[in-house]
Amino acid sequence: MNHTRPDTKLILDGLKDFQRGTVEYVFRRLYLDDDCARRFLVADEVGLGKTLVARGVIAKTIDHLWDRTDRIDIVYVCSNTDIARQNIQRLNVTGCEDFSLSSRITLLPITVGEMQHRRINFISFTPGTSFDLKDSAGMSLERELLYWLLEKPWSLKHSKATRVLHAYAGVDDFRKRVKSFPSRHTIHRQIQEQFGDQVQTRIDLRERWDAICEAMPRAGYEVPYELGRERNQLIGELRRLLAETCLHWLEPDLIILDEFQRFKHLLQGDADDASEASQLAEHLFSFQQHAEDPDTAARVLLLSATPYKMYTQSQEAAEDDHYEDFQTTLDFLLRDESKRVQFHDHLREYRQELFRLADEGVEELMRVKRHLESSLREVMVRTERLALKADRNGMLVEVPASAVTLKAADITDYLGLQSVAEHLGHADVLEYWKSAPYLLNFMEDYDLKRKLKKAVDGEPDAELARCVRSIGSGLLNREELERYQKLDPANSRLRSLHHDTIGRDAWKLLWIPASFAYYEGSGPFVDPDLQRFTKRLVFSSWRVVPKAIASVLSYEAERCMMQRFRKKVQNTAESRKRRRALLRFTFSKGRPTGMPVLAMLYPCRAFADRFDPLQIGRALKSPGQPVTALTVRDHCTSEMRQLLSAVVERFADQSQPTDERWYWAAPLLLDKEIGCSQVEAWFNQPDLALIWSGDKSSGENEAAEGWARHVDLARKMLQTTETLGSPPSDLYEVLSEVALAAPGAVALRALERILPASGDSDVDIRSYAGPLAHAFLHLFNLPEVMFLLRDRKKETPYWKSVLEYCMAGNLQAVMDEFAHMLVESLGLLGAGRSKIAAEVSKEISDSLTLRTSTAKADVIKTNRRRVCIDDEDAVRIRTRFAMRFGDQESEDSAEPTRADSVRSAFNSPFWPFVLATTSVGQEGLDFHPYCHAVVHWNLPSNPVDLEQREGRVHRYKGHALRKNIASAFSATSNGSASDPWAAMFCAARAGRAEDENDLFPFWIAPHGEAKIERHVPALPHSRELLQKDNLGRSLVLYRMVFGQNRQEDLVDYLASHLPHEKVGSIVDLCRIDLSPPTNFLRGKSS
């Protein structure tokens, strides 16, 4: 219940030095200085860990207030639930599972009672559910609460009131929930009374309520649109009134506004024209426990890499002006009017000196700049990744576009598409055509597609049919897709991306190769292009583009995989259903068919301890001689033979025929033989089958029953004294591969590398390693994966092909790297063994079992007189190799594939390898663990947006950085079983220059081949190339025009008046530097 004081020192020790410096400075400004600021902005460059800075500020705030108050309330406001889910665990400084009360302000009447008994409360809100309440009926629980809050003041009649309040919920279910509400929740009496008093004074609301109650039709009848809108408005106003009442009971000590630029309208609550939502928010921001004691005022910590529109061009200014935005943010931070005036004087001087720069030099500009920096540092700081480097490009490199070619068929498609558009009275389609292929098939909610559908539903139109036919190959053909015919990218940009992924055989990889391989793999994993491969994050301005990219690339990857095993294969729903999983647990003639697979999934203690490929690779390494997968396996084969000798001697009857049970029995018997006391405890768990599979269901289906029977057979083998037949001739080679690379042993080793040294028993860790290993079944049973890995001659059992692939692909190294990344990204530093193992196991399992989503493509047919589009005839293309970012329909039409699940899978080494998105709503989200290539499908209009996009992948311990660290420091990783990545980063940190902070090596490792790649797939001589050059020029200069009106004019002036060869040095000298004062840079306060 949060009664223990958090260990502030331990929490701060978990931060990097520059983050600690920021924490110390921010805390001093918020609480300790004589002129302390009640509001402070941390504007660190994207990807530098602002959330962890907030964690440090939370810890110091709690420690500061612990002896001053009985209850400490931290309020966390962020723009959406995706960011909240990502960050809340990172902000948890208590170690308690119930740290966060994820709620809405309007639900405080049923949570505030719990809050009053907790020492620390962390309450998270989103603006849309707690401030912007008008016209929204909210969630069912809010309306259930409203019923009980209004029942007495308004003498509600149950039947009529629930007809209004059920809104979109089923009325019968809603009525049941209303009746059971008092047994599930306790309403805070004083809030209830205060709200009752408020609504009693609002006669207007009561009159509208009565009118709507009378007009509302009986249950089961449709509510007229206008009446439904009036109902929602009334419920929205009641929710707002409730929120206003509740705010008086929320006593925030620290309020964190994360990525607040997404809800910056809430910062204008004291303006003359402030909205109701911003007034409500201002009441929260201005809270002060005791009017006479300013120390009891709430502090507000703002987090954003782009706290205001940092740069606007003339065409954008009407919508979102930088100068006005900047002023609004500063007005929120600077509450003292005299300080506002002083700051704007400095800003005006700075602009004047910029115009004199070319003639009078930098001395006076530097003086004004220092005054400006000093004023700003009172309320904000900003650490920049490359502030300490002369080369501001750091690890960024622009990669020349490859295979951006235009075909004659592309021109034909454009002319046909344009003729359709002209016939329908639509504008030019050039930008659409440049961005995506098969537009009429993939478009949704575009004006052109709506006009086409309207025309199709009307009278026959032979001319429209002719225009559509003229598109030719620019329309998808269902029959060709069902025969797995090659699908032309049909677009110059997509052709380039296809070349960089499908064309380089990335479809042969089921996971990204390890940055630090323990031995030289084989097959696709020794292809130099694929060894360097990284995932692609694609940004586009058009919604149709992510759908087209995901569909075409995923189809092509699947086609290549399927045809690798069988050239003539069908792509229909019926043929896919016939392809049964090959790694399954069935019985044939009373005998189990899946026991060798069970052995692959078994977290064998003897195998995990004695056949660690990290240590074996180290031991076998010699100058000039590569350690190959074959070398490692052969080394292990002789040791395996020796290790199993006692087991074979005891259980093998050499006079009997070859007994294939040895493949699965040997690991179990070996664990028992070497005295692993926990093996029987593991198998004696009554619900082991469910634990091992990670399945919380009842297990009544056929597959679950088959799995449970196989687990029972394994359990009986441990208890048996009967002999087995002769061991297979390849037993020791196969078991060596099982020990080195099978999911069971790999999962157990990967988890144990990242766990604290002491704690839970072996049984506990196996209970997390088992489900993780079992999740690999989903991957290896996908039809396209089975076709990729199967032996074309059908001589090798599929489970052996899987095992060979795991060995070839360095699966242990891959999983160790992924597990290392997850400990920090999931906020598990300092957690116990069970929690770390459980969370990491679940995250990896979720990545492996991501549902295949589908993209709908309309089939467009023509005859001589008309065009036909039948919704029932639409093609659904499976998307897994490449995906769109966002919620989408899954292949099995069960639950949709959620955006958060897609992002988690992209942040894993497994598919998808390409993620396509618009840039809307992405601030604060990570995409860097396995991606260091950003594809700008459409260039943004200004340089800050360009940086924001690339900042999604240039982040803490990113993929490019790990490649460079492994290249330089792999020899320093110790040969023990502990985490090699921790050792390599430790060595890199020790070897950095004396004047460098923890940005090196955790964000910047420029000495290596891997770079943050900028891809711009523009056609030669196109205007996009000119735009790219202009953006590059603006990117250099925009930092100098900080806070200025008409920035674009100023950038143009500087570009034309400053000597080209001196621009870089002048920018470095004159840019506004808002990093914490020098004495804080290494985390030391003065």
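Note on Lys60: lysines with a C-alpha under 21 Å away, same-chain residues under 8 apart excluded, are Lys9, Lys16, Lys50, Lys1084. Normalising the average separation of contacting C-alpha pairs (under 8 angstrom, six or more residues apart) by the number of residues puts the relative contact order of the chain at 16 percent. Ranked by the mean number of other Cβ atoms within 10 Å of their residues, highest first, the peptides 105-116, 336-347 fall in the order 105-116, 336-347.
How tilted is helix 203-215 with respect to the longest principal axis of the chain? Cα atoms for both, answer in degrees (0 to 90, nearest 10). Approximately 50 degrees, to the nearest ten.
For region 86-216, the fraction of C-alpha pairs more than 23 angstrom apart is 40%. The alpha carbon centroids of region 1-24 and region 764-797 are separated by 42 Å. How high is the FRET efficiency from Thr721 to Val526, r the C-beta distance, R0 45 Å, rounded to 0.05? Efficiency for this residue pair is about 0.45. One decimal place: the segment Val223-Gln685 gains 160.9 nm when fully extended, by the rule 0.36 nm per residue minus the C-alpha distance.
Directionally averaged projected area (region 140-247, Cα convex hull): 6.3 nm².
With a sphere of radius 13 Å drawn around the Cβ of Asp612, what net charge do the other residues whose Cβ falls strictly inside it have (Lys, Arg +1; Asp, Glu -1)? Can you show the working numbers first?
Numbers: positive: Arg605, Arg610, Arg618, Arg749, Arg753; negative: Asp609, Glu639, Glu752, Asp816, Asp979.
Spelling it out: positives minus negatives among the neighbours equals 0.
Fully extending the segment from Asp846 to Cys96 would add 267.6 nm, taking 0.36 nm per residue of separation and subtracting the current Cα-Cα distance. For the chain, the dipole from Cβ point charges (+1 on Lys and Arg, -1 on Asp and Glu) about the Cα centre works out to 2980 debye, to the nearest 20.
Which of Met380, Val738, Pro307 sits farthest toward the positive end of the charge dipole of the chain, with +1 on the Cβ of Lys and Arg and -1 on the Cβ of Asp and Glu? Going by the charge dipole, the pick is Val738.
With K and R counted +1 and D and E -1, the other residues having a Cβ less than 12 Å from that of Phe533 yield a net charge of +1.
Cβ neighbours within 10 Å, averaged per peptide: list 6-12, 47-53, 848-854 in order, most packed at the top.
Numbers: 6-12: 16.0, 47-53: 23.3, 848-854: 21.3.
Descending packing order for the listed peptides: 47-53, 848-854, 6-12.
The slack between Asp34 and Ala757, meaning 0.36 nm per residue of separation minus the straight C-alpha distance, is 255.7 nm. Distances between placed amide hydrogens fall under 5 Å for Asp44 paired with Ser304, Thr383, all partners being 5 or more residues away or on another chain.
Region 459-546: percent of C-alpha pairs farther apart than 19 Å?
On the way: 2341 of 3828 pairs.
Of all Cα-Cα distances in region 459-546, 61 percent exceed 19 Å.
Legend: calculated FRET efficiency, Glu482 to Glu872, from the Cβ-Cβ distance at R0 = 25 Å, rounded to 0.05, equals 0.95. Counting lysine pairs in region 587-848 whose alpha carbons fall under 24 angstrom apart, excluding pairs fewer than 8 residues apart on the same chain, gives 7.
Of all DSSP bridge pairs formed entirely within the chain, close to 25 percent run antiparallel.
When +1 charges are put on Lys and Arg Cβ atoms and -1 charges on Asp and Glu Cβ atoms, the dipole computed for region 140-247 relative to its Cα centre reaches about 380 debye.
Once the Cα atoms of helix 225-247 and of the chain are each reduced to a long axis, what angle between those two axes, in degrees from 0 to 90 to the nearest 10, is obtained? Value to nearest ten degrees: 80. Taking amide H as placed 1.01 Å from N in the peptide plane, Thr879 has its amide H under 5 Å from the amide H of Ser853, Thr854, Ala855, each at least 5 places away in sequence or on another chain. Tell me the net charge near Asp979. Cut-off is 15 Å between Cβ atoms, Asp979 excluded, with +1 for each Lys or Arg and -1 for each Asp or Glu. Summing Lys and Arg as +1 and Asp and Glu as -1 gives +2.
Quick note: the coordinates plus some simple rules give every number you see, no bench work behind them. Predicted model only: the values in this text are computed from it and were never measured. Methodologically, a virtual Cβ is constructed for each residue, glycine included, from the backbone with ideal geometry; neighbour enumeration extends over all protein chains shown.
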